[in-house]
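Novice: This is the structure, below, for whatever I ask next.
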Amino acid sequence: MDSEVDIAICLRQWDYSETSQTAALLCRRLGVVRVLGKGTKRADPRFSGGLEIATIGEAVIVPKSNSGLSTLAGWDLRSTCRGARSDLQCYYAAMLALEVAINLLPEGEPHPDSFFALETLLESISPTSWKSDIAIYLWRVLKDSGFAPRIDGGLAGPVVFLPAIGQLTTPHQEHRHETAWEVLDTTASALSQLAQSGDAVHLSSEDAERVGRLLGWYVREVIERDLLALRPLFGNLHPRTTNPSIERPQH
């Protein structure tokens with residue numbers, strides 16, 4: 001079978017044997033691909049730079065012919081994404097970004113917007129920008145994967161987020177039986193601005209962090225499992241649940 005050459009980000013890698021690894025890659029054209037690289041841990045010219053999590057390289061992939069793993073026939077390291085390792089919060093943000101990609105994006109489907117969003121975060125993240133970087137990234141991947149929250153227009157007064165349906169809205173009688181998260185007016189406004197512009201440079205550091213935390217917990221609801229980097233990055237601050245018809249939001 002013919003091989004494919006694509007730029008890829010290593011989302012996860014596991015030891016397979018003393019000399020080999022398995023990995024999940026997010027490729028620019030191929031999407032998420034799970035591969036077996038035989039000899040990746042050797043001094044092998046086919047695998048220059050080594051295969052490590054949160055790095056970017058040119059991958060040579062032989063697609064799988066059955067339900068097994070594709071074969072990683074070559075890996076040329078292009079970037080070690082040093083910013084993602086320069087600071088503990090940057091590291092946690094990068095790990096959360098990788099977790100979101102591997103859990104939200106289906107295998108074998110092209111998602112170039114998500115690839116570029118992750119590539120941008122890994123290449124540009126810094127101790128001063130990680131809050132806006134993760135907020136932008138989460139919004140772009142949720143939008144690209146079809147899970148972007150719906151945001152009602154003209155929000156005023158108490159605002160809640162309904163995680164079961166992904167909606168930012170004002171409390172209504174029909175929502176009384178649904179789980180609702182309290183949302184500050186400033187957080188709701190910041191999320192609306194992010195949705196309209198696709199950018200968070202106009203947001204304050206505090207607003208960007210609140211938006212990122214809200215979207216991170218929403219991803220957890222979508223995938224129905226914990227994200228290991230969510231609490232280390234944002235703290236153990238689960239969105240406050242309330243009866244939206246009677247209480248004022250505080251998130």
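The values are calculated or read from the model by the stated rules, or taken from the named source; none is laboratory data. Remember, it's a predicted structure, so these values are computed and weren't measured experimentally. Here the Cβ positions follow ideal geometry from the backbone for every residue, glycine too, while neighbour counts run over all protein chains shown.
Novice: Across the stretch 196-220, what is the total count of residues that are over 17 Å from Ser129 (Cβ atoms) and surrounded by fewer than 17 Cβ atoms within 10 Å (Cβ to Cβ)?
Specialist: 1
Novice: Right, another one. Among the residues of the stretch 1-52 satisfying the criterion of being in a loop (DSSP other than H, G, I, E, B) and touching a Phe, Trp or Tyr at 6+ places or on another chain (Cβ under 6 Å), which is modelled with the lowest pLDDT?
Specialist: The residue in question is Thr40.
Novice: Among Thr120, Thr128, which is surrounded by fewer than 17 Cβ atoms within 10 Å (Cβ to Cβ), assigned by TED's automatic domain parsing to the domain that holds Lys143, within 22 Å of Glu209 (Cα to Cα) and without any contact (Cβ under 8 Å) to a residue 12 or more places away in the chain?
Specialist: Thr128
Novice: Could I ask something else about it? Would you check which residues across the stretch 180-205 are farther than 26 Å from Ala101 by Cβ and part of a loop (DSSP other than H, G, I, E, B) and list them?
Specialist: Once the filter is applied, which keeps residues that are farther than 26 Å from Ala101 by Cβ and part of a loop (DSSP other than H, G, I, E, B), the stretch 180-205 yields Leu184, Ser204.
Novice: From the list Ala73, Ala54, Ala93, which one is surrounded by 15 or more Cβ atoms within 10 Å (Cβ to Cβ), under 14 Å from Leu118 (Cβ atoms), in contact (Cβ under 8 Å) with a residue 60 or more places away in the chain and not assigned by TED's automatic domain parsing to the domain that holds Asp113?
Specialist: Within the list Ala73, Ala54, Ala93, the selection yields Ala54.
Novice: Against the definition (of a type outside the set (Phe, Trp, Tyr), surrounded by 17 or more Cβ atoms within 10 Å (Cβ to Cβ), assigned by TED's automatic domain parsing to the domain that holds Gly216 and over 14 Å from Glu119 (Cα atoms)), how does Leu30 come out, yes or no?
Specialist: Here the answer is no, as Leu30 does not meet what is asked.
Novice: Something else: Taking the stretch 78-90 as the search range and keeping residues that are closer than 26 Å to Gly39 by Cβ and touching a Leu at 6+ places or on another chain (Cβ under 8 Å), which one is surrounded by the most Cβ atoms within 10 Å (Cβ to Cβ)?
Specialist: The qualifying residue surrounded by the most Cβ atoms within 10 Å (Cβ to Cβ) is Cys81.
Novice: For residues that are surrounded by 19 or more Cβ atoms within 10 Å (Cβ to Cβ) and not small (Gly, Ala, Ser), scanning just the stretch 228-245, find the one that is modelled with the lowest pLDDT. I'd like the intermediate steps shown before the answer.
Specialist: So the first thing to find is which residues in the stretch 228-245 are surrounded by 19 or more Cβ atoms within 10 Å (Cβ to Cβ), and the list is 229-230, 233-234, 239, 242, 244.
Of the ones still in play, those that are also not small (Gly, Ala, Ser) are 230, 233-234, 239, 242, 244.
Working: Leu230: 97, Leu233: 97, Phe234: 96, Pro239: 87, Thr242: 73, Pro244: 42.
Applying the filter and picking the extreme gives Pro244.
Novice: Taking the stretch 141-175, which residues are modelled with pLDDT under 85 and either out of contact with any Pro (no Cβ under 7 Å at 6 or more places or on another chain) or in a helix (DSSP H, G or I) (or both)?
Specialist: Our first condition is that a residue be modelled with pLDDT under 85; within the stretch 141-175, this holds for 153-157, 171-175.
The answer is Gly153, Gly154, Leu155, Ala156, Gly157, His172, Gln173, Glu174, His175.
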